[in-house]
Structure formats: C-alpha cells, structure tokens
Amino acid sequence: MKNKTGDTGATEFKNLMTKFGLPNSIIVILSKFSQAIANGKSDQQLNDLETILRRKTTPLFHYLKATYQ
C-alpha cells in the first residue's frame, strides 16, 4: 500500500491485523479503506447527503478521530 508520500506500510499493517486475529478478507477491506484515506479519497466532500439529511455532515476524519481517540 503506497500513499502520496511513497510510504509502504501494507506488509506491516497486514502483519499487525493478522496478529490481532482478523480474517484475511477483513484485512483486505481495511487495507483498501486505509489506502484510500492515505491517498486523500476521503477529502472529497459532496453535498448530496446534506441535501437528503437536511443537515451538515461530519467529515470522516473528524468522526474517526472522535471515535478512536
């Protein structure tokens, strides 16, 4: 998994998740999710959901930070 800075951490991530006992299928999903975040894919903000909910949304970064502090 390479991100914008060229860091390679996929092997370390997979080893850690395996050590935690997660099945490989879940590790693959988490790896792709983490890679997308590292590459800025979560920085996109569309207003479609705000229109449907009729309220402001919470950016993913803020939600994850508050949830996993």
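Throughout, read-outs are computed from the coordinates displayed, never taken from laboratory work. Everything quoted here is computed from the prediction, not taken from an experiment. We place every Cβ from the backbone using ideal geometry, glycine too, and count neighbours over all the protein chains shown.
Applying the Karplus relation 6.51 cos²θ - 1.76 cosθ + 1.60 with θ = phi - 60° to the stretch 24-31 yields 3J(HN,Hα) values of 4, 4, 6, 4, 4, 4, 5, 5 Hz, where x marks Gly and Pro. In a GNM of the chain with a 10 Å cut-off on Cα contacts, which of L16, L49, L30 has the highest mean-square fluctuation? Most flexible of the set in this elastic network: L49.
Could you state the angle between the C-alpha long axis of helix 10-19 and the longest principal axis of the C-alpha atoms of the chain, as a value from 0 to 90 degrees rounded to the nearest 10? That helix lies at roughly 80 degrees to the long axis.
Think of each Lys and Arg Cβ as +1 and each Asp and Glu Cβ as -1; about the Cα centre, that makes the dipole of the chain roughly 80 debye.
Which longest uninterrupted range of the chain lacks any trypsin sites (Lys or Arg not before Pro) assigned by DSSP to a loop state (not H, G, I, E or B) and surrounded by at most 10 other Cβ atoms within 10 Å? Here the longest segment lacking exposed loop sites spans 5-53.
Under the combined filter of DSSP loop state and at most 13 neighbouring Cβ atoms within 10 Å, the stretch 16-69 retains these chymotrypsin sites (Phe, Trp or Tyr not before Pro): F20, Y68.
Here the Karplus curve 6.51 cos²θ - 1.76 cosθ + 1.60, taken at θ = phi - 60°, turns the phi angles of the stretch 47-64 into couplings of 9, 4, 5, 4, 5, 5, 7, 6, 7, 5, 8, 9, x, 3, 4, 5, 5, 5 Hz, with x standing for Gly and Pro. What 222 nm value per residue comes from the helices of the chain, counting each DSSP H run with n ≥ 4 as -39,500 (n - 2.57) and dividing by all residues, nearest 500 deg cm²/dmol? Helix-only estimate at 222 nm: -16500 deg cm²/dmol. Taking the alpha carbon gyration tensor of the chain, multiplying each eigenvalue by 5 and rooting it gives semi-axes of 28, 15, 11 Å, largest first. For the residues N39, N47, N24, a GNM of the chain with alpha-carbon springs under 10 Å puts the largest fluctuation on N47. Cα extents for the stretch 29-69 along the principal axes, largest to smallest and rounded to whole angstrom: 32, 22, 16.
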